[in-house]
Amino acid sequence: MPYYHVKDTKLFIDDEGKGVPIIFLHPAGMGRKVFYYQKELAKQFRVIMPDLSGCGDSENPSYIKYGLLSTYAEELVELLNVLGIEKVILCSYSCGGTVAQQFCLLYPERVKGLILTGGFPIVNTKPLQWEHLLGLHFIKKSPSFVSNVISLAHTRDRAFQNELLQHMKKANPSVWHQFYVESYRFNIVHDLHQFSWPILAMYGARYDITSHYHHYYDELTSDVFFIHDAFHELPTLNWRQVNLLITGFIYKHGLQE
């Protein structure tokens, strides 16, 4: 079974393909299943998809010392050590980007490139604030309701909907809630100047989070793309465009070497 003991916590990962390693970081509560269609990339690259602790098939965190995001960053660097990987491309979706960016701040020497799908450096728009606040409310009241809403939003395929739903039901509600709390408070706007690697930021053109792109475009040397007629659920509903952009980004910047 693809389990690894990291920081005394048993983490489940999918690890497929060969070549430059890409580690995929999921949003709060969703688990690795949201990247189902990104497994296609294993034909060209090494694709590593963990369930962060407290999510999916992984155990709950054995400890949370300096906050959940920092704990996740520590888990990830230890996972890379276990796998014998020196540098990695981080590919995140939604608030999984808070984990990716926290990792970049703590372990910049282990980063080869950063890919943000619907990512943000701060929660400062009304829709994104309300999304977090509603999530915090309903995760406490009814995690199963949140799981149903999110799984329905991410695919029209009934079988895949059920797979996502059942996987999300495994998440620890307390960990899920804390993930949302720390994502809501996340703010690294004044730290972005430290990011020195190639960055790809992707957004659905019909989702209000696109207003965050200027942080990456203005402050950094980044590739920013808007996917036409798309909302937020890019890895599942617009996976062909996402996979093409990831592949093009890696070859454009020579990260495959």
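The values are calculated or read from the model by the stated rules, or taken from the named source; none is laboratory data. Note that the structure is a prediction, hence the values are computed from the model and not measured. Cβ: placed from backbone, ideal geometry, glycine included. Neighbour counts: every protein chain shown. For accessibility, only protein heavy atoms count, side chains too; no ligands or nucleic acids. Shrake-Rupley method; radii C 1.70, N 1.55, O 1.52, S 1.80 Å.
Please list, in order along region 93-100, the HN-Hα scalar couplings obtained from phi with the Karplus expression 6.51 cos²θ - 1.76 cosθ + 1.60 (θ = phi - 60°), rounded to whole Hz, x for Gly and Pro.
Each residue of region 93-100 in turn: 10, 6, 6, x, x, 5, 5, 4 Hz.
Heavy atoms only, probe 1.4 Å: what % of the accessible area of region 101-204 goes to carbon and sulfur, would you let me know? Walk me through the numbers before you get to the answer.
Details: 2590 of 4750 Å².
Of the solvent-accessible surface of region 101-204, carbon and sulfur hold 55 percent.
Find, to one decimal place in angstroms, the Kirkwood hydrodynamic radius of region 1-123, where the mean of 1/r is taken over every pair of different Cα atoms and then inverted. Before the final figure, lay out the partial values.
On the way: mean 1/r = 0.0707 Å⁻¹.
After inverting the mean inverse Cα-Cα distance, the result is 14.1 Å.
Which semi-axis lengths, in whole Å and largest first, follow from the square roots of five times the eigenvalues of the Cα gyration tensor of region 153-192? Show your work: numbers first, answer last.
Working: eigenvalues 170, 45, 7 Å².
Working from the Cα gyration tensor, I get semi-axes of 29, 15, 6 Å.
For region 17-89, which trypsin sites (Lys or Arg not before Pro) are both in a DSSP coil and crowded by at most 15 other Cβ atoms within 10 Å? The partial results should precede the final answer.
Working: sites: K18, R32, K33, K39, K43, R46, K65, K87; in loops: K18, K65, K87.
Taking region 17-89 and a limit of 15 other Cβ atoms within 10 Å, the loop trypsin sites (Lys or Arg not before Pro) found are K18, K65, K87.
Sorted from largest to smallest, which semi-axis lengths in Å does the alpha carbon gyration tensor of region 137-257 give for its equivalent ellipsoid, taking the root of 5 times each eigenvalue? Don't skip to the answer; put the middle values down first.
Values: eigenvalues 168, 82, 37 Å².
Listed largest to smallest, the semi-axes of region 137-257 are 29, 20, 14 Å.
Given only helices, namely DSSP H runs of n ≥ 4 each adding -39500 (n - 2.57), what is the per-residue ellipticity at 222 nm of the chain, to the nearest 500 deg cm²/dmol? Please report the intermediate quantities before stating the final value.
Values: 9 runs with 104 residues, N = 257.
Value at 222 nm, helices only, nearest 500: -12500 deg cm²/dmol.
Looking only at region 111-227, where both bridge partners belong to it, what percent of the DSSP beta bridges are antiparallel (to the nearest 5)? List each step's numbers first, then the result.
Numbers: 1 of 11 bridges.
Beta bridges within region 111-227, antiparallel portion: roughly 10 percent.
Quick check: the distance between the Cα centres of region 37-94 and region 157-195, to the nearest angstrom?
The two parts, judged by their Cα centres, are 13 Å apart.
Taking amide H atoms as placed 1.01 Å from N in the peptide plane, list the residues 5 or more away in sequence, or in a different chain, whose amide H sits under 5 Å from that of K112.
Answer set, sorted by chain and number: V88, I89, L90.
Taking the radius of gyration and the Kirkwood hydrodynamic radius from Cα positions alone, what is the Rg/Rh ratio for the chain, to two decimal places? List each step's numbers first, then the result.
Details: Rg = 16.6 Å, Rh = 18.0 Å.
My calculation of the ratio gives 0.92.
Please turn the phi angles of region 65-77 into ³J(HN,Hα) values with the Karplus equation 6.51 cos²θ - 1.76 cosθ + 1.60 (θ = phi - 60°), one per residue in order, whole Hz, x for glycine and proline.
Residue by residue, region 65-77 yields 8, 10, x, 5, 4, 5, 4, 4, 4, 5, 4, 5, 5 Hz.
Given H placed 1.01 Å from N in the peptide plane, which residues other than close sequence neighbours of M30 have an amide H under 5 Å from its amide H?
none
Counting only residues 5 or more places away or on other chains, whose amide H sits under 5 Å from the amide H of G54 once H atoms are built in the peptide plane?
Distant-sequence amide H within range of G54: E59, N60.
Of all beta bridges DSSP finds with both residues in the chain, what is the antiparallel percent, to the nearest 5? Before the final figure, lay out each step's value.
Details: 9 of 32 bridges.
Roughly 30 percent of the beta bridges in the chain run antiparallel, per DSSP.
So what's Rg/Rh here for region 59-124, counting alpha carbon atoms and using the Kirkwood radius for Rh? Spell out each step's value before the answer.
Values: Rg = 11.9 Å, Rh = 12.3 Å.
Using Cα coordinates only, the ratio equals 0.97.
Over region 123-257, how many pairs of lysines fall under 22 Å by alpha carbon, counting only those 8 or more apart in sequence or from different chains?
So the count of such lysine pairs works out to 5.
Let me know the volume per residue of the alpha-carbon convex hull for region 27-92, in Å³.
It is 98 Å³ per residue.
Using each residue's phi in region 164-176, evaluate 6.51 cos²θ - 1.76 cosθ + 1.60 at θ = phi - 60° and report the 3J(HN,Hα) Karplus result to the nearest Hz, with x for Gly and Pro.
In residue order, the calculated couplings are 4, 4, 5, 5, 5, 5, 7, 5, 6, x, 5, 5, 4 Hz.
At a Cα cut-off below 21 Å, give the lysines reachable from K65, other chains included and same-chain residues fewer than 8 away excluded.
Candidates past the 8-residue exclusion: K7, K10.
How much net charge surrounds Q38 when only the other residues with a Cβ under 14 Å from the Cβ of Q38 are counted, with Lys and Arg +1 and Asp and Glu -1?
Values: positive: R32, K33, K39, K43, R46, R240; negative: D14, D15, E16, E40, E233.
Counting the neighbours of Q38, the net charge comes to +1.
Give me the mean projected area, in nm² to one decimal, of the convex hull enclosing the Cα positions of region 105-152. If you can, show how the numbers build up before the last one.
Numbers: hull surface 20.5 nm².
The number I arrive at for region 105-152 is 5.1 nm².
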